[in-house]
């Protein structure tokens, strides 16, 4: 470590700002300050870091800001790690967190080799995951829309005599039912319209997902999973 000329950099990343700390080899950890998150801000940071050392290792925590920063830094030729927040070593009684402390801690942990990297997906894999999540969210929204309509009907003592499984018969009954008062009917129509909108959204996303998965690099693995008993 005495002759280590590597520049270790810790980034505490937020939506609108990044706090930067660094250490050259075994030297003291210093704060570089806070920067913005635009491409121009990152480019300026890269130039400042490159002026300090030839080998640069950078780390930041996985979080809601995703992997765009990782890809920018990798394109610049830096060694970048996205670490798992839950696996960062913590000292007993360490509770106070600030952006500066977190950036400094990342530098020290990176230098000591105490961090665990998370898997960074390719752009294609992440795009497929985004589409899959959108479909899952649409299904969740459909479920909530149906729950709201069910609660509305229960509130007014309206019950379906058959099996309320949202099958064809159940949906026909819902589409044919009418309230006596205009305002309740307006509310009922909005609940029904919300369900139909979510159904259409689920159908669109499912169709897009089926088309996309055929061209995905992991499609053979998907086929393998589908071939297993009990997996649809």
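Tabulated data
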quantity: Flag for residue 146 being assigned to a helix (DSSP H, G or I), assigned by TED's automatic domain parsing to the domain that holds residue 202 and either touching a helix residue (DSSP H, G or I) at 6+ places or on another chain (Cβ under 6 Å) or touching a residue at least 40 places away in the same chain (Cβ under 8 Å) (or both); calculated: yes
quantity: Hits in region 79-108 (condition: within 22 Å of residue 38 (Cβ to Cβ) and more than 24 Å from the chain's Cα centre (by Cα)); calculated: 100
quantity: Members of region 34-53 that are farther than 28 Å from residue 119 by Cβ and either surrounded by 13 or more Cβ atoms within 10 Å (Cβ to Cβ) or touching a strand residue (DSSP E or B) at 6+ places or on another chain (Cβ under 9 Å) (or both); calculated: 34, 44, 48, 52
quantity: Any chance residue 184 is touching a residue at least 40 places away in the same chain (Cβ under 8 Å) and either surrounded by fewer than 13 Cβ atoms within 10 Å (Cβ to Cβ) or assigned to a helix (DSSP H, G or I) (or both); calculated: no
quantity: So residue 31, is it part of a helix (DSSP H, G or I), in contact (Cβ under 8 Å) with a residue 40 or more places away in the chain, within 23 Å of residue 114 (Cα to Cα) and touching a helix residue (DSSP H, G or I) at 6+ places or on another chain (Cβ under 8 Å); calculated: no
quantity: Condition check for residue 132: over 30 Å from residue 9 (Cβ atoms), outside the structural domain of residue 75 (by TED's automatic domain parsing), without any contact (Cβ under 8 Å) to a residue 24 or more places away in the chain and touching a helix residue (DSSP H, G or I) at 6+ places or on another chain (Cβ under 9 Å); calculated: no
quantity: Identity of the residue in region 3-21, over 25 Å from the mean Cα position of the chain (by Cα) and either without any contact (Cβ under 8 Å) to a residue 24 or more places away in the chain or more than 20 Å from residue 75 (Cα to Cα) (or both), that ends up surrounded by the fewest Cβ atoms within 10 Å (Cβ to Cβ); calculated: 3
quantity: Residue within region 115-125 that is closer than 12 Å to residue 9 by Cα, in contact (Cβ under 8 Å) with a residue 12 or more places away in the chain, in contact with a strand residue (DSSP E or B) (Cβ under 7 Å, 6 or more places away or on another chain) and outside the structural domain of residue 211 (by TED's automatic domain parsing) present; calculated: no
quantity: Any pair with Cβ under 9 angstrom, 6 or more apart, that starts in region 216-227 at a residue that is exposed (fewer than 10 other Cβ atoms within 10 Å of the Cβ) and ends at one that is at pLDDT 85 or above; calculated: none
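The values are calculated or read from the model by the stated rules, or taken from the named source; none is laboratory data. Note that the coordinates shown come from a computational prediction; the quantities given were computed from them, not determined experimentally. When we count neighbours, we look across all protein chains shown, and the Cβ atoms used for this are built from the backbone with ideal geometry, even at glycine.
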